[in-house]
């Protein structure tokens, strides 16, 4: 199964840009549709889209393409912020914002059309199991924006428990210095099958529709999962065993409107956060 799965993803990766930030690991090339718009026909935020932090305080809806290969699968949703307390000093990152196992495609679910009517997406049910770390909305203390990264994994067994060394994250009371790479390895997960991220800072504005460019990974000084410190303030691979997850999920190549369209750079000055527009187009 793993060989077929990796082959399918590698074939798609050749024509897709990374959906996780440059330099972040684990990386993934397949687009994960995520939205904070709960309307009947929601708008999905662009990869690297900029948000007002007030717009991202409720649990988002997570979608996958409406494909037979994804029906019957069980997933894990992981969301982290590697930039706490600021992109220049990420000594508290990664912050664990959401760890939700037991996610599935329900029998009857909300279906919507993606950008340009290119793909039909179906909403995942993230309420079937208790969250290991319940969703916590961003509250970045820095003016410079933080990156909030979503990853979707196949869950290898019907139930999921935290691996050794990660017990302190149970319940979400302790969220600092999580390590996504170490977590994936310790939990015996394959690489993420899809991902996405947005940016938000103390004074950023936006609805996620405009994407960013040139926000590079800061020099890493993240601690491993074994560190036992807590955050200041609100923000301040193996083959899975079979439980029906033995088909090879494949994701369509994302369109430019789902990735780095209308790219912008974010800068901060004494007068506040300045948004400087730099037009870019990424053709896949």
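Where a number appears in this text, it was derived from the coordinates with a stated rule and is not lab data. All values derive from a computational prediction rather than experimental measurement. Glycine also receives a Cβ, built like all others from the backbone with ideal geometry; neighbour counts cover every protein chain displayed.
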In whole angstrom, note down how far apart the Cα centers of the range 90-143 and the range 60-81 are.
-> 8
Apply 1/(1 + (r/R0)^6) to the Cβ-Cβ distance of residue 127 and residue 89, taking R0 = 30 Å, and write down the FRET efficiency to the nearest 0.05.
-> 0.25
Subtracting the Cα-Cα distance of residue 143 and residue 110 from 0.36 nm times their residue separation yields 8.3 nm
Mean shadow of the range 133-213, computed from the convex hull of its alpha carbons, in nm²?
-> 6.7
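Mind jotting down a quarter of the surface of the convex hull over the alpha carbons of the range 109-180, in square nanometres, one decimal?
Taking a quarter of the hull surface, the average projection is 7.7 nm².
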Note down the nm distance, to one decimal, between modelled labels 7 Å out along Cα→Cβ at residue 157 and at residue 40.
-> 4.4
Given 43-50, 87-94, the highest-first ranking by average Cβ count within 10 Å works out to 43-50, 87-94
